[in-house]
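What follows is one structure encoded as structure tokens, with my remarks underneath.
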Amino acid sequence: MPFPPPSELLPHADGAVLIDEVVADSPDQTTVIANITAAHPYFVVGRGVPVWVGMEMMAQTVAARGGLLGGSDTRRSRRGMLLGIRHYDGRVPWFTEGSRLLIHGQHAFGREGGGLAACDCRIEHDGQLLARATLVIVEEIDP
């Protein structure tokens, strides 16, 4: 069964959604795709998208999980906030045009049902690790 588009899972306005498709979700990990094209809001002709934009793409991957928890009722989506990013390791200067990035957000610690948590994230293209980091978040606690 396909997942809803990220624009339905994230509270971002149209141009601020940087991920294109959720491709997998399990209790511990969410995986999305981000396509690097000239239509990307941070695209630089002749270079692509700067690797530092990967931090926001990772955050949107983790946030998509909160949207998936709400199912078809967006009012039930778990709201959260990015508190920090630890050890962002961008291994390339640019995500090149035509790249189809796989972005993985894996639960590292925190309790189920909200509160403080961390997710280990990585961005890959054709099996090559392009960036990784740990995101520290706080999620709304379930009632």
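What do you reckon, is ALA63 in contact with a Ser or Thr (Cβ under 6 Å, 6 or more places away or on another chain), of a type outside the set (Val, Ile, Thr), modelled with pLDDT under 95 and under 14 Å from LEU135 (Cβ atoms)?
So ALA63 does not fit the description; no.
Among the candidates GLU8, GLU56, GLU21, single out the residue that is touching a strand residue (DSSP E or B) at 6+ places or on another chain (Cβ under 8 Å) and acidic (Asp, Glu).
GLU21
Quick check on region 18-38: of everything there that is modelled with pLDDT of 95 or more and either basic (Lys, Arg) or part of a loop (DSSP other than H, G, I, E, B) (or both), which residue is surrounded by the most Cβ atoms within 10 Å (Cβ to Cβ)?
Per the criteria, the residue is ILE19.
Considering every residue within region 81-98, establish whether at least one is over 30 Å from VAL44 (Cβ atoms), of a type in the set (Gly, Ala, Ser) and free of Cβ contacts under 8 Å to residues at least 60 places away in the same chain.
Scanning region 81-98 turns up no residue that is over 30 Å from VAL44 (Cβ atoms), of a type in the set (Gly, Ala, Ser) and free of Cβ contacts under 8 Å to residues at least 60 places away in the same chain.
Here's a check for you: in region 71-102, which residue that is in a loop (DSSP other than H, G, I, E, B) and at pLDDT below 80 is surrounded by the most Cβ atoms within 10 Å (Cβ to Cβ)?
Per the stated criteria, the residue is SER77.
Do we find a residue being closer than 20 Å to HIS125 by Cα and not charged (D, E, K, R) anywhere in region 7-14?
Within region 7-14, not a single residue is closer than 20 Å to HIS125 by Cα and not charged (D, E, K, R).
Which of the residues that make up region 39-60 are β-branched (Val, Ile, Thr) and either surrounded by 15 or more Cβ atoms within 10 Å (Cβ to Cβ) or modelled with pLDDT under 95 (or both)?
Residues satisfying the conditions are VAL49, VAL51, VAL53.
Within region 103-119, track down each residue that is surrounded by 18 or more Cβ atoms within 10 Å (Cβ to Cβ) and assigned to a strand (DSSP E or B).
Hits for region 103-119 are ILE103, HIS104, GLY105, ALA117, ALA118, CYS119.
Looking at region 52-61, is at least one residue assigned to a strand (DSSP E or B), closer than 22 Å to PRO2 by Cα and touching a residue at least 24 places away in the same chain (Cβ under 8 Å)?
no
When residues of region 1-17 are filtered for being farther than 22 Å from PHE95 by Cα and surrounded by 19 or more Cβ atoms within 10 Å (Cβ to Cβ), how many remain?
Count: 2.
The values are calculated or read from the model by the stated rules, or taken from the named source; none is laboratory data. This structure is a prediction, so every number in the text was calculated from the model and none was measured. For neighbour counting, all protein chains shown are included, and Cβ atoms are generated from backbone atoms with ideal geometry for every residue, glycine included.
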